[in-house]
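Taken together, the values in this text are just the output of simple stated rules run on the coordinates, not laboratory data. The structure displayed is predicted, hence computed values, not measured ones. Heads up, the Cβs are rebuilt from the backbone with ideal geometry, glycines too, and the neighbour counts pull from every protein chain shown.
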């Protein structure tokens with residue numbers, strides 16, 4: 001008898017055999033990966049089916065947020081770790097990509113310095129700081145986009161989980177972590193462009209970032225990354241490790257008593273989550289064309305938690321859908337009534353918490369069963 | 001895996017002259033107690049008699065000020081940590097059932113399996129045929145076969161207690177410590193629990209702490225009465241109940 005059949009449909013949690021919501025989700029992501037670039041590149045702009053570059057960039061942005069929501073749901077929905085600092089991992093991944101893109105500008109910058117990015121020349125620096133070495137090579141930069149957030153999560157998680165910091169205290173220190181990084185990155189002498197951050201990117205792996213075809217490929221790559229992130233998260237939560245993680249969420253000391261090293265489980269989950277958030281940030285930056293310290297702002301990390309709550313925590317695809325829904329609402333509302341968006345977001349969070357504790361996914365499941 | 005306890009000297013558990021004090025109060029006072037292999041032993045005593053503290057000493061949660069605690073002839077419990085003691089083969093069921101409410105009965109038992117417990121091992125782990133058989137066996141012992149696919153939160157109080165006993169059995173312990181198993185149970189559940197514990201004795205040594213005298217009478221061959229941290233009397237239920245000192249301090253007449 002196979003394990004998956006043995007642990008057949010139970011209403012209690014994810015099971016390996018039937019993941020209908022996940023299948024639908026992956027199908028939609030695949031459709032976006034192919035359809036959006038086609039509608040943008042091969043359908044003439046006179047056609048009503050043509051998708052504008054603006055719309056394509058927006059969809060790409062939403063998908064980065066959806067990946068970020070997966071990362072938050074992995075730790076919060078399944079292990080009860082309410083991180084209010086995932087914006088920091090996202091931003092670090094974004095800065096990794098930004099550093100690579102800055103090095104690619106080379107002599108095309110305002111000051112024409114082949115090595116130093118413009119802001120360093122402006123600050124009268126004469127040589128590249130050591131931590132910028134290697135960022136002109138994509139593979140090193142790509143490694144750092146994943147490793148920098150993962151490393152921060154390792155150090156932070158190791159300290160926090162080993163000291164058994166949980167619940168609201170953990171949330172507060174993750175928030176403080178993000179805030180501290182924001183203040184640090186605002187400083188010019190940190191070597192990350194101060195409050196202006198990085199912008200005016202030219203090309204990525206030799207492809208012009210302003211070209212429509214490059215942007216279409218970027219969108220497809222983002223969709224693939226989102227799909228793979230889902231598959232990875234899903235594989236974790238449907239495995240025995242995922243069951244241990246949910247056991248930790250429900251009764252931590254009982255799990256420890258069964259002989260599981262609770263701290264190690266939390267740490268791995270947190271690090272994997274941070275790496276996914278970092279990749280999301282790295283894909284976000286070339287599409288929006290800028291990264292600056294405001295990405296570390298505590299409010300961003302709080303918004304991510306709202307996406308997950310709205311979509312339905314502990315479902316993965318629900319979290320991703322929540323990210324898209326809330327951000328679409330944000331796009332529409334900040335266009336029409338910019339002054340009331342934050343109130344609407346707050347009200348949404350309160351209403352969802354009271355009336356839809358299982359989010360939109362819970363609502364849909366109730367309607368269909 | 002650790003070696004099984006060495007039973008050459010005839011007992012599975014030796015507690016000798018164990019004293020534990022908390023801020024001057026002696027929770028255990030020169031307690032000496034032996035348990036035979038395969039025995040079902042009931043421990044009774046008023047609140048504060050030291051029953052829970054005794055369990056804590058055996059499982060490594062509390063370290064005694066003096067005395068010794070041996071599991072078989074060779075395993076010194078005072079030298080082991082809590083998880084090491086659990087791995088050596090001592091399982092403890094707490095008073096309040098703490099099963100994993102959101103997981104199914106099957107999944108609860110799966111997590112209680114003995115074996116490697118690291119994150120990446122669990123990530124790639126699948127159940128072997130032998131492990132599936134063991135889960136099926138424990139499900140039938142604990143009478144939970146029909147509920148195996150249900151989340152634990154849907155179980156009755158009694159069923160949760162059995163599931164927790166089942167989780168202990170998954171680790172194939174040699175000695176089971178069971179704290180107030182029938183508190184809050186219906187008469188039918190109590191009866192079923194008595195059958196369950198009786199069926200476990202023989203293969204396992206079972207130590208039960210219980211207040212419910214009817215229940216103790218229905219299962220116990222050997223009863224130990226604790227009073228103020230030491231053994232007041234030991235014997236069959238009838239012997240114990242007719243003991244004058246026991247009548248004075250515990251049965252109140």
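Numbers for the structure displayed
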read-out	value
Region B:103-175 and region B:70-85: distance between their alpha carbon centers, rounded to Å	25 Å
Reduced Cα scattering model of chain A, Debye log10 I(q)/I(0), q = 0.09, 0.14 Å⁻¹	-0.53, -1.23
Top of A:338, A:357, A:298 by mean-square fluctuation, Gaussian network on chain A, Cα under 10 Å	A:338
Principal-axis tilt of helix A:240-250 within chain A, Cα atoms, nearest 10 degrees	80 degrees
Percent of beta bridges antiparallel (DSSP, region B:5-249, rounded to nearest 5)	55 percent
Projected area averaged over orientations for the protein assembly as shown, convex hull of C-alpha atoms, nm²	34.8 nm²
Percent RCO, i.e. relative contact order, over region B:5-249, from Cα pairs under 8 Å lying at least 6 residues apart	28 percent
Cα centroid of region A:274-327 to Cα centroid of region A:92-151, whole Å	24 Å
Cα gyration tensor, region A:250-343 - rounded (a/c under 1.5), prolate or oblate	prolate
Shielding of B:211-218 by partner chains, average beta-carbon count, 10 Å	0
Residue-averaged 222 nm ellipticity for chain A, from DSSP H runs of 4+ at -39500 (n - 2.57), nearest 500	-23000 deg cm²/dmol
Share, in percent, of DSSP beta bridges within the protein assembly as shown that are antiparallel, nearest 5	55 percent
Three-way shape label, region A:167-246, alpha-carbon gyration tensor, a/c 1.5	oblate
Helix axis angle, A:262-288 relative to chain A longest principal axis, alpha carbon, degrees	40 degrees
Three semi-axes of the equivalent ellipsoid, region B:5-249, Cα gyration tensor, whole Å, largest first	31, 22, 16
Angle in degrees between helix B:129-141 and the longest Cα principal axis of chain B, rounded to the nearest 10	50 degrees
Region A:129-270 shape via C-alpha gyration tensor axes, a/c threshold 1.5	oblate
